[in-house]
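Input: a single structure, listed below in structure tokens.
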Amino acid sequence: MSLLPICTYPDPVLRQKAECVENIDEGLQCLIDDMIETMREAPGIGLAANQVGRPVRVVVLDVERGEPGSGLLVLINPELISADGKTQYEEGCLSVPGYFASVTRCQEVVVRAVDREGQVFEITADGLLAIALQHEMDHLEGKLFIDRLSPITRDIFKRKWKKKLKEEGDEVQPCLD
Ligand code: K2U
Ligand code: ZN
């Protein structure tokens, strides 16, 4: 297993719509293992393949419920089946390091996906798992949590992020989408 570099905003791969997985082969299994290790090392409770530069529809999550690793989920080609209610949470993102903002999402979701053995399964989730599922599935659509902020909050974020990039010595000031 290997640690993978996490792409950060405004890397264009974070804006790509991820491609469906056609074949759960050895290469995909290796990517999944590396994503799990990278998520744990970050540390995070979720990671989408776009974030490690691979725009394919794979998400790993570990919203621990007791025993370490007991909450590990691998979702291939996840689909949102239903969503209900509204909830707010102070979100961050491993691809937008150091920035946090309140995001409104659905309170309960039902998601259908394929597991790493190729079996179709469904999850009914609320709480942090529902939030994480929506956050990660947004990544597969090329969407970031900053896209869900109000226009004013998003403008303030973009100004802060431009300043951060400049302080980090980025010669070229990238266009922040
Ligand atoms: O996709 C990612 O960048 C990992 C996200 C997943 C996430 C964001 C917001 C809310 C839930 C999940 C996080 O950076 S993982 C870090 C974290 C840890 C505990 C609670 C929330 C977020
Ligand atoms: Zn994220």
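For the range 5-47, taking the residues that are among the aliphatic types (A, V, I, L, M) and over 17 Å from Arg57 (Cα atoms), the one that is surrounded by the most Cβ atoms within 10 Å (Cβ to Cβ) is identified as Ile45.
When Gly27 is tested against the conditions (1) away from ligand 1 (no atom under 15 Å from the Cβ); (2) under 17 Å from Ser95 (Cα atoms), the lone failure is (2). Select from the range 135-177 the residues that are over 22 Å from Ala18 (Cα atoms), touching a helix residue (DSSP H, G or I) at 6+ places or on another chain (Cβ under 8 Å) and surrounded by 12 or more Cβ atoms within 10 Å (Cβ to Cβ) and write down the one among them that is modelled with the lowest pLDDT. The extreme case among them is Pro174. Kindly check whether there is at least one residue in the range 113-133 that is buried (at least 20 other Cβ atoms within 10 Å of the Cβ), within 29 Å of Glu168 (Cβ to Cβ) and touching a Gly at 6+ places or on another chain (Cβ under 6 Å). So far as the range 113-133 goes, yes, one or more of its residues are buried (at least 20 other Cβ atoms within 10 Å of the Cβ), within 29 Å of Glu168 (Cβ to Cβ) and touching a Gly at 6+ places or on another chain (Cβ under 6 Å). Of everything in the range 44-73 that is at pLDDT 95 or above and part of a loop (DSSP other than H, G, I, E, B), the residue that is nearest to Gly142 (Cα to Cα) is Pro55. Note on the range 93-116: residues that are more than 13 Å from ligand 1 (Cβ to nearest atom) and either touching a residue at least 60 places away in the same chain (Cβ under 8 Å) or of a type in the set (Phe, Trp, Tyr) (or both) total 2.
From the list Ile76, Ile32, the one residue that fits, being in a strand (DSSP E or B) and either closer than 23 Å to Cys175 by Cβ or within 15 Å of the chain's Cα centre (by Cα) (or both), is Ile76.
The values are calculated or read from the model by the stated rules, or taken from the named source; none is laboratory data. All of these numbers come straight from a predicted model, not from anything done at the bench. Every residue, glycine as well, gets a Cβ built from its backbone with ideal geometry; the counts of neighbours run over all protein chains shown.
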